[in-house]
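Student: Submitted below is the structure of interest, expressed as structure tokens.
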Amino acid sequence: MNSNPKQLDIRYAINTGSTRFFDKLRLFIRQRGLAYSTEKTYCLWIRRFILFNRYGSEAAFRTQDIGSFLSHLSNNRHCSPNTQRTALNALVFLFREYLGVAVNDLAFVYAREKPRVPVVLSRNEASHIIDRLSATPQLCTQLMYGSGLRVGEVLHLRVKDIDFANSGLYVMEAKGGKSRRTLLPESLIPSLKQQIGFVERQLASDTYTGKAGVYLPNALAVIRFGIHLLRSYCARARIYGY
């Protein structure tokens, strides 16, 4: 059994003075304000592009090699059009935005999506699947089916985003940085309140053992630390009477 604690998939700090290519690239991406998921995706495809062309240094990068790499993804890797398009976006960002090199007249074999008949579950089929689940996975599936949420939107749902009084959910900064409001089925309200109660009890237990807290990105963590120091000072002031 692995005794190491599960690591959070979060942005890690980078030394601004680093000379490593991917460190400089990641810092540039963050300066542009792109999402962490975009940062990971771009770095993944740029790394594959470098390995495919066996570049020895940044000076060896050539825009002419973009087409051969994209054609390789289509002909040899049999990727989908969306996958090929994602790789293209990453490489255009690398050359046009990061390196400042124009990318024009790319010639490559476009990936083709195989025709397929969409599978749409009937209400009875969806209910049958949901009934076979339990606990948190069942609640997440019910929210996706009943409120039209994506997987990531369900996992990032916060207590403040739930409007019990008006049976609604607020999806904040979802795909494309867009926010929206959607319906909350009344049948899920008891389960959601039960889940919130469980989390509150878990937080109270963690607080008692000195392990309370959640990950907060970027400057929010600094703000929380400042608030914690202020509260500690106020507590001491009340205890000692000044």
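The values are calculated or read from the model by the stated rules, or taken from the named source; none is laboratory data. If you're wondering where the values come from, they're calculated on a predicted model, not measured in any experiment. No Cβ is skipped: glycine too gets one built from the backbone with ideal geometry, and neighbour counts run over all protein chains shown.
Student: When the range 76-91 is examined, which residues are found to be surrounded by 15 or more Cβ atoms within 10 Å (Cβ to Cβ), assigned to a helix (DSSP H, G or I) and free of Cβ contacts under 8 Å to residues at least 40 places away in the same chain?
Tutor: 83, 84, 88
This table checks each residue for (1) part of a helix (DSSP H, G or I); (2) free of Cβ contacts under 8 Å to residues at least 40 places away in the same chain; (3) of a type outside the set (S, T, N, Q).
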site	(1), (2), (3)
52	yes, yes, yes
56	no, yes, yes
98	yes, no, yes
102	no, yes, yes
107	no, no, yes
127	yes, yes, no
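Student: Tally the residues that are under 23 Å from residue 130 (Cβ atoms) and part of a helix (DSSP H, G or I), restricting the search to the range 160-197.
Tutor: Residues that pass the stated criteria total 13.
Student: Being buried (at least 17 other Cβ atoms within 10 Å of the Cβ), free of Cβ contacts under 8 Å to residues at least 60 places away in the same chain and outside the structural domain of residue 145 (by TED's automatic domain parsing) is the requirement here; does residue 94 meet it?
Tutor: No, not satisfied.
Student: Here's another thing I want to ask about it. Could you say which residue among 180, 116 is at pLDDT 85 or above and of a type in the set (Lys, Arg)?
Tutor: On the way: 116 fails: at pLDDT 85 or above.
Being at pLDDT 85 or above and of a type in the set (Lys, Arg) holds for just one of 180, 116, which is 180.
Student: Would you mind stating whether residue 43 is touching a Lys or Arg at 6+ places or on another chain (Cβ under 7 Å) and hydrophobic (A, V, I, L, M, F, W, C)? Talk me through it step by step, then tell me what you get.
Tutor: Working: touching a Lys or Arg at 6+ places or on another chain (Cβ under 7 Å): yes; hydrophobic (A, V, I, L, M, F, W, C): yes.
The answer is yes for residue 43.
Student: Residue 114 passes all but one of (1) surrounded by 10 or more Cβ atoms within 10 Å (Cβ to Cβ); (2) outside any helix (DSSP H, G or I); (3) out of contact with any Asp or Glu (no Cβ under 9 Å at 6 or more places or on another chain); which number fails?
Tutor: (1)
Student: Find all pairs meeting these conditions: Cβ atoms under 7 angstrom apart; at least six residues apart or on different chains; first residue within the range 190-203 and at pLDDT 85 or above; second residue in a helix (DSSP H, G or I).
Tutor: Pairs that qualify, where the first residue is at pLDDT 85 or above and the partner is in a helix (DSSP H, G or I), are 191/139; 195/139; 196/159.
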